[in-house]
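In what follows, a structure is listed as structure tokens, so that the remarks can point back to it.
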Amino acid sequence: MDVTDVPATRPGVKRLIGVDFDLGALRTAGPRYWAFVTVLLIFTTLGIIGWIVFLTQGAGVMAQRDNTTWGLWFSNYMYYVGLSAGGLVVYASVHLFGAEQFRPLARLAVLQAGVLVMVALLGDLTDFVRPWRFFWFVVTPNPTAIFVYTGSAAAAYMVLCFADLWILITGKGGEKLAHRMTLIALPFAMYLHTTTAFVLALNKSRELWNSAVMVPIFLTSATASGVALLLICAYIMQHFGVLKFKKSMFRSLATLLATVIIIDLFLLLAEIITVYWPTAAKLGHTERMTLFFTGPYAWMFLPVLVLGIGAFALLAPRSTRHLPKIQITASAMYVVAIFFKRYTLMSMGFSIGTLGQYETPYLPSLVEILLAVGLVSLGLLFMTIGAKVLPLAVPEHEHEEAHYEPWRTELEEDDAEEAAHPGIVPERALDAG
Amino acid sequence: MSGDRKLRDKAEESAPEGITVSRRRFVEGLGVCAGMLAAAAVPGLLNATAADLAQASEGEANTGDEVLDSIIEHDHAINYPDKPVYYAKPAGKEKWAMVIDVKACIGCRRCVYACVKENNIGRNSGFTYIQVLEMEPGKVELETAELNYEEAGRSDRWYMPVQCMQCADPPCVKGCPVKATWKEPDGIVVIDYNKCIACRNCMITCPYGARHFNWVRPQVPASEANPDVPLEEKAYVVEKCTFCVHRTRNGETTACTEACPVGARKFGDLNDPDSEVSQLLKTRRVWRLKEEYSTDPMIWYVG
Amino acid sequence: MSTTLLPVRQDPTSAPKARQSWILTVFAVAFAILAIMPAAEAHARLSSSGELAFYPCDRCHPVFLGEDGLPTEPLPIGLEKHEVDLQVHDILGNEETACLACHDDPTRNPGKLILPDGTLVDIADDVSRVCQRCHFEKYQQWELGIHGKNQPKCTAAGCHNPHSPSWIYVEALPPFLATGIEVHAVSEREPFTPLASPPLPPPVHTPLWLTILTTVGTLASASIIGVLIVGRHKR
């Protein structure tokens, strides 16, 4: 089923705030679609029930305790904010760097970014035992507290993403407005994820985190995992026939992903060397970092290295980089690796307390897991329904409005090269241009 | 302005092929971003400046003693006005400090439990304000320290009690996003239990692990509850040692000082040159825990 | 407790019986106050944690009162019955001269301590003035209240064994959550059991119905997804 811009007169399409919501597509959706939506609804409902249990029975239902102060909600916050900012980098590169090959992804990327940061903020909210006290953030914010910056940035960024999506879909303001929105959105995404990294890094009391390299590591992990998730998302959309992309676009994404992964791994290596080098090693710092390799969560951190290096190794050879299997596997590996990385970074930070004492490792309780899974389901629900209802394909005339790029010829040559390889099913091109 | 637009379009046309944005537009865009960020930061900076001004005026000390004056001047108050501690008198002119004699401390933990009883710490809460560490001799190394020692009074170890240091430059106060914790003029760092949003950022920034969160509703046997100290209000918020603010502002001393059987704790007023803490700071070789973090703690160790 | 035999010095002239009984009475009264009656009421107030730390003089001087209220056993006079172990303070001199560093010659003034200027101090008085001879800084701190604060403000001998000074005696209290109090005297320089370390963090409580609901929901979702995947292949 091809999804293109539908005229308002088609039955089942409602026009709200300038956007054509194709509700008719929901009615014609098959039972498999609704089965999947049902699964998501089950988990979302369980998440809401878990949240109610938390609100009524107090914070004791969480597994966080006095010395493992933050839990799954915070590592998920860092993770989703990262994924969100990363996906937006792809979209922003269309306007800022003229990477026209990513233009078909534009709406999907912005939708993904907005949904992810919304899920991140909701995860923050689920940690408040008394959510109504949240208004103190607005009334008496503390300028030296980094939480204020990251929270306000996330909220503003969410609004920005959805506004950008609206502008993209409705076409208001045309290319110029979309371009200007990008100039705001991308630095804002960088700012958001920098402040998120600062929440951990700007603590002199926590030696493991108090390092300037946290910020670039967070930014590169975020970009890489966001790009990886976007790649997987695009493949899924293509598989279910919602959108159609060129193989060259996926190859560009894979190249971008490989580049950012290696930078990320390099920064991690720099940090490890700085901690362990004989002239730089401090007992407090080395003890804490050693837990990554030998502590209770080593089984979760070592895969970060294995999956990360493995993902790069899969994507590095140019001859195989175009294969969807390679791309999807590497992306999935990296998305999982970054989740493990955020989780271990946070929990290893607590494993040895400020008074040098080993703490029992933190494992999330059932309520916390329900909340996390519920939020993921909510995000997936948004994406699943959005895939049917929202016009996510970038129409032809937008491509034509873009400026002429000389490397299109190169891409077309690449496409011809790939078509010549055996085992590749030649694809119908979306447009003839 | 159409003239500008013509210029802009012309710039775009003459731009090198493949680049969709002219330098001018790019710089414009960056300027817009920078302007927005600056505009957002202005109220924050104003707030910070006001706080700094308040700090400067509080910093005057006049005990006539150089050592004490310099210590007191560092302890400027970070005040959020009109927020008295409701279960204690308003702050007087004192600057509370504590000196702990680690030669005398035998690790008996009587201070820990006197504090628990005095401050209505939940018996099910899983923490105590004071943590006594058993240290290896010859060094102040926390990584080899033991918190849950079962034998005390060992001659081959020394004992160091750690609690909220009521720092002069507290990272917890600076890290609280809603200003629910602040430093009173007499040096005590207090928490507004009604305002705390339980984000636990203060617990992350404290280098001494001195702040604790009530994950469960604190329970105290009715016969042991101290009526002078809040109990119900502390559910699901952060709490910490307050130098027994309800006692010390009434002329008494802290519960831990009173409970120490060997007199290892000395509590007093730095503004009074005759108090024991003032005398000890002037005459003995003292040191502080994690001095390198420059939080300026108000608990010194001697021995 | 090991003792060293001190040289016997006979009193050449026997004291009149009246004088002897007067000394005995003094001793009896002193020991009655120090050893038999609860020391808390006599000398000290309780510290705020409720127990008392005190050097039991009756470790060397067990006193049993007879029906007449007088000690049933003769109390040691002179040096012949004294076998005292000196540790640390044995540097004060060779054998008996070490005793004479603090105690007056018992032939002249039994039961009295002596200061360098000749002043006699009875053991029921402020014995700390004798300790002040060498430990003048500690004495000054004790007077100021810095040393041994909040303890029974009695003499130094109340906390320190004057013959083998070391750690003071501290009585151990049971772990925090236990009921009842047992009192043990703890000997010097030995580890003791302190109050227990902080209680464990409260356990995580997940309602049972939530666990059941989650299991049901997860199984339902897993079966739906299973059907989706399997069904797909059939196509």
Over 30 Å from A:Leu26 (Cα atoms), within 14 Å of chain B (Cβ to nearest Cβ), in a helix (DSSP H, G or I) and not β-branched (Val, Ile, Thr): is that true of A:Gly310 in this structure? no
For the range A:73-113, the count of residues that are crowded, with 24+ Cβ neighbours inside 10 Å and in contact with a His (Cβ under 7 Å, 6 or more places away or on another chain) equals 4
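Yes/no matrix, rows are residues, columns are (1) modelled with pLDDT of 95 or more; (2) of a type in the set (Lys, Arg); (3) not assigned by TED's automatic domain parsing to the domain that holds B:Glu118:
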position	(1), (2), (3)
B:Glu184	no, no, no
B:Gly187	no, no, no
B:His212	yes, no, no
B:Val216	no, no, no
B:Thr242	yes, no, no
B:Lys266	no, yes, no
B:Leu270	no, no, no
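So that you can scan it fast, the table gives a plain yes or no per residue for (1) among the β-branched types (Val, Ile, Thr); (2) assigned to a helix (DSSP H, G or I); (3) crowded, with 19+ Cβ neighbours inside 10 Å:
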{"residue": "A:Phe128", "(1), (2), (3)": "no, no, no"}
{"residue": "A:Val138", "(1), (2), (3)": "yes, yes, no"}
{"residue": "A:Asn142", "(1), (2), (3)": "no, no, yes"}
{"residue": "A:Val148", "(1), (2), (3)": "yes, yes, yes"}
{"residue": "A:Ala153", "(1), (2), (3)": "no, yes, yes"}
{"residue": "A:Ala156", "(1), (2), (3)": "no, yes, no"}
{"residue": "A:Cys161", "(1), (2), (3)": "no, yes, yes"}
{"residue": "A:Arg180", "(1), (2), (3)": "no, yes, no"}
Examine the range B:111-123 for a residue that is closer than 28 Å to A:Leu283 by Cα, more than 11 Å from chain A (Cβ to nearest Cβ) and over 19 Å from the mean Cα position of the chain (by Cα), and state whether such a residue exists. no
So, in the range A:359-374, exactly how many residues are more than 9 Å from chain C (Cβ to nearest Cβ), surrounded by 24 or more Cβ atoms within 10 Å (Cβ to Cβ) and either in a helix (DSSP H, G or I) or touching a Cys at 6+ places or on another chain (Cβ under 9 Å) (or both)? 3
Matching residues, the range A:145-155, being more than 9 Å from chain B (Cβ to nearest Cβ) and of a type outside the set (Val, Ile, Thr): A:Ala153, A:Ala154, A:Ala155
As an exercise: evaluate A:Phe36 against (1) away from chain C (no Cβ under 14 Å); (2) surrounded by fewer than 24 Cβ atoms within 10 Å (Cβ to Cβ); (3) assigned to a helix (DSSP H, G or I) and give the number of the one condition it does not meet. (1)
Tally of residues being part of a helix (DSSP H, G or I), more than 11 Å from chain C (Cβ to nearest Cβ) and under 23 Å from B:Arg247 (Cα atoms) across the range B:66-110: 1
Consider B:Lys195 against the criteria (1) buried (at least 21 other Cβ atoms within 10 Å of the Cβ); (2) facing another protein chain (nearest Cβ under 7 Å): it satisfies all of them except one. Which criterion is unmet? (1)
Looking at the range B:82-89, is at least one residue among the β-branched types (Val, Ile, Thr) and at pLDDT 85 or above? yes
One residue is enough: does the range A:50-57 have a residue meeting the conditions at pLDDT 90 or above, touching a Leu at 6+ places or on another chain (Cβ under 8 Å) and crowded, with 24+ Cβ neighbours inside 10 Å? yes
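Residue-by-condition table, conditions (1) more than 24 Å from the chain's Cα centre (by Cα); (2) buried (at least 23 other Cβ atoms within 10 Å of the Cβ); (3) part of a loop (DSSP other than H, G, I, E, B):
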{"position": "A:Phe135", "(1), (2), (3)": "yes, no, no"}
{"position": "A:Trp166", "(1), (2), (3)": "no, no, no"}
{"position": "A:Ile169", "(1), (2), (3)": "no, no, no"}
{"position": "A:Glu175", "(1), (2), (3)": "yes, no, no"}
{"position": "A:Leu192", "(1), (2), (3)": "no, yes, no"}
{"position": "A:Gln238", "(1), (2), (3)": "no, no, no"}
Residue that is surrounded by the fewest Cβ atoms within 10 Å (Cβ to Cβ) [pool: residues in the range B:137-174 that are of a type in the set (Asp, Glu) and over 19 Å from the mean Cα position of the chain (by Cα)]: B:Asp156
Considering only the range A:286-307, how many residues are in a helix (DSSP H, G or I) and touching a Ser or Thr at 6+ places or on another chain (Cβ under 9 Å)? 7
For the range B:131-185, give me the residue count where each residue is assigned to a helix (DSSP H, G or I), free of Cβ contacts under 8 Å to residues at least 12 places away in the same chain and not aliphatic (A, V, I, L, M). 2
Please determine whether any residue of the range A:43-55 is over 13 Å from A:Leu371 (Cβ atoms), more than 9 Å from every other protein chain (Cβ to nearest Cβ) and either out of contact with any strand residue (DSSP E or B) (no Cβ under 8 Å at 6 or more places or on another chain) or touching a residue at least 24 places away in the same chain (Cβ under 8 Å) (or both). no
Hey, B:Glu134 surrounded by fewer than 24 Cβ atoms within 10 Å (Cβ to Cβ) and either within 10 Å of chain A (Cβ to nearest Cβ) or more than 25 Å from the chain's Cα centre (by Cα) (or both) or not: no
(1) crowded, with 24+ Cβ neighbours inside 10 Å; (2) within 14 Å of chain C (Cβ to nearest Cβ): which one isn't true of A:Gly30, the others all being true? (1)
Residues of the range A:274-310 being touching a residue at least 60 places away in the same chain (Cβ under 8 Å) and of a type in the set (Gly, Ala, Ser), in sequence order, are A:Gly284, A:Gly295
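The values are calculated or read from the model by the stated rules, or taken from the named source; none is laboratory data. All figures in this text were calculated on a predicted structure; none of them were measured in a lab. Reconstructed Cβ throughout: ideal geometry from the backbone, glycine too, with neighbour counts over all protein chains shown.
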